[in-house]
Amino acid sequence: MPVDISIPRYHKNLYSTTAILDPYPHYEALRTAGPVVWLQRHRVYAISRYADCKAVLLDDETFISGKGVSLNPIANRLGRGTTLNSDGAEHATKRSVLAHRLTPKALRKMTDTVEHFAEDVVDRAVKKTRVDGVGDLATALPLSVVPDLIGWPADGRDELLRWAGATFDSMGPINRHSVGATKATAEMLAFAHRVARHRSALDGSMSRDVFQAADEGKIDNKSCPALMIDYLAPSLDTTIGAISSALYLFSQYPEQWQAVRSDPDLIPNAVNEVVRVESPLRAFTRTAARDADVGGVKISRGSRVLVIYASANRDPAEWERPDSFDITRDAARQLGFGSGVHGCAGQGLARLETTSILRALAGRVDRIELAGEPKWTVNNIIHRLEHLPLELVRADGTAA
Ligand code: HEM
């Protein structure tokens, strides 16, 4: 497809390891260059400004997901059959099979369990002098809550984190990271196929709803494995990212941790602000189903656009002091959970998990201090910490 020569071009690689670890100068350059910028390396139009990202996400008739939301054709083919990669009536049907499990009403029933679990995790962590904010605090809850909900069998859990991370990595452009992730992605899909074939998911679980919908002819039998992965894969790294980034940000802004300790009702908005500043999911794509306009720039039918949530969330045209963490700002309109019909179906649960950990910590820990160099994961799609050395200091000044 010919690229309109009046559209600015960007020649740098947005998915090199260096750019993955520090994407912000690239996002700034894209936002400055224009509402639509052709990424020469990735053969896609970048949408990086808040208003344009939001407009694209809300116009799901023009900007469709059915041709895949990944940056490469292999992942787009493998992702067929999911809620994430479908449109219109098909999307509504698929979303209805499982989304009812995660409504505010359904989540209220889970709240006590998740909160108790969070307290256990925090109690165990505060007994140690030094903790890894990722391994000791951020991972346990996501790694247990959603696999239980999905009914993922016990023998497939050891590899889950590796598989889920690889599933995201494989959705980037064809590069070292996505190619390296192919094997693990295929393993996860093969495992899900086996579970669907043997109907071996736990009783009463979301997977049972999927099988029932297939038995009733509501969805295609072939979609079962994809629909299970649809909820499981995005539930882990994203939430681990939100929890660990929250810990990191509070270690950097101790006065805001004191504010949270004095008034834990600030926590829900703090979660929005964490997801705004350190958006766990960098960007997904859409395809223009007809000729379209983004911020006054014409895009022709069939073009693929990259919606960069993480850039929108730091757009100075939308946010004052966009790079600062401020839990008192109104962060509810951040785009880190997406927006419109494909807006995150699991965000209520992610918020519940993150809030529960922060609440449990606020009741026990006076200061969260960095005790070493944080290490960020290298992944095409996911932005999260891999290790976060911390010291949790109790109100009496002793290490917790
Ligand atoms: C902090 C944690 C999370 C973040 C930042 C996040 C982010 C997102 C984003 C940006 C989208 C929109 C994708 C698009 O625009 O195409 C999305 C969709 C989705 N998320 Fe999440 N997510 C999180 C947690 C979860 C959890 C815990 C689950 C499952 C329990 C989940 C399940 C889904 C599903 C099924 C979709 C597809 C919805 C659809 O296409 O209708 N997510 N998520």
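Brief remarks on what is shown
- Checking residue 276 against (1) at negative phi; (2) surrounded by fewer than 18 Cβ atoms within 10 Å (Cβ to Cβ), the condition it does not meet: (2)
- Checked against (1) closer than 30 Å to residue 44 by Cα; (2) touching an Asp or Glu at 6+ places or on another chain (Cβ under 7 Å); (3) β-branched (Val, Ile, Thr), residue 393 meets all criteria but (1).
- Every residue from segment 306-328 that is among the polar types (S, T, N, Q) and either free of Cβ contacts under 8 Å to residues at least 24 places away in the same chain or not in a helix (DSSP H, G or I) (or both): 313, 324, 328
- Residue 340 meets each of the listed conditions (1) under 17 Å from residue 61 (Cβ atoms); (2) more than 16 Å from the ligand (Cβ to nearest atom) apart from (2).
- Complete set of residues in segment 329-358 that are out of contact with any helix residue (DSSP H, G or I) (no Cβ under 6 Å at 6 or more places or on another chain) and assigned to a helix (DSSP H, G or I): 341, 342, 347
- Residue in segment 359-378 that is within 16 Å of the ligand (Cβ to nearest atom) and either in a loop (DSSP other than H, G, I, E, B) or polar (S, T, N, Q) (or both) present: yes
- Screening residue 33 against (1) crowded, with 22+ Cβ neighbours inside 10 Å; (2) away from the ligand (no atom under 12 Å from the Cβ) leaves a single unmet condition, (1).
- For segment 38-120, the helices (runs of 4 or more DSSP H) that sit wholly inside it and include 1 or more residues that are closer than 30 Å to residue 9 by Cβ and not hydrophobic (A, V, I, L, M, F, W, C) are 50-58, 73-78.
- Qualifying positions in segment 92-105 - within 13 Å of the ligand (Cβ to nearest atom) and either farther than 23 Å from residue 205 by Cβ or more than 19 Å from the chain's Cα centre (by Cα) (or both): 92, 93, 94, 96, 97, 100
- Test: residue in segment 46-64 that is β-branched (Val, Ile, Thr), surrounded by fewer than 15 Cβ atoms within 10 Å (Cβ to Cβ) and farther than 16 Å from residue 311 by Cβ: no
- Just so you know, in segment 121-160 the residues that are of a type in the set (Asp, Glu), exposed (fewer than 15 other Cβ atoms within 10 Å of the Cβ) and not in a helix (DSSP H, G or I) include one that is nearest to the ligand (Cβ to nearest atom), and it is 159.
- Taking the criterion of being within 22 Å of the chain's Cα centre (by Cα), assigned to a loop (DSSP other than H, G, I, E, B) and closer than 15 Å to residue 312 by Cβ, the only residue of segment 15-37 that qualifies is 23.
- Pair list, Cβ under 6 Å, 6 or more apart: segment 210-239 residue in contact (Cβ under 8 Å) with a residue 24 or more places away in the chain, other residue more than 8 Å from the ligand (Cβ to nearest atom) and of a type in the set (D, E, K, R): 237/384
- Segments classed as strands (runs of 3 or more DSSP E), wholly inside segment 237-305, with at least 1 members that are away from the ligand (no atom under 13 Å from the Cβ) and in contact with a helix residue (DSSP H, G or I) (Cβ under 7 Å, 6 or more places away or on another chain): 292-294
- Selection status of residue 202, within 16 Å of the ligand (Cβ to nearest atom), more than 18 Å from the chain's Cα centre (by Cα) and surrounded by fewer than 18 Cβ atoms within 10 Å (Cβ to Cβ): yes
Since every read-out is calculated from the coordinates, none of them should be taken as a lab result. Bear in mind the structure is a predicted one, so any value in this text is a computation, not a measurement. Cβ: placed from backbone, ideal geometry, glycine included. Neighbour counts: every protein chain shown.
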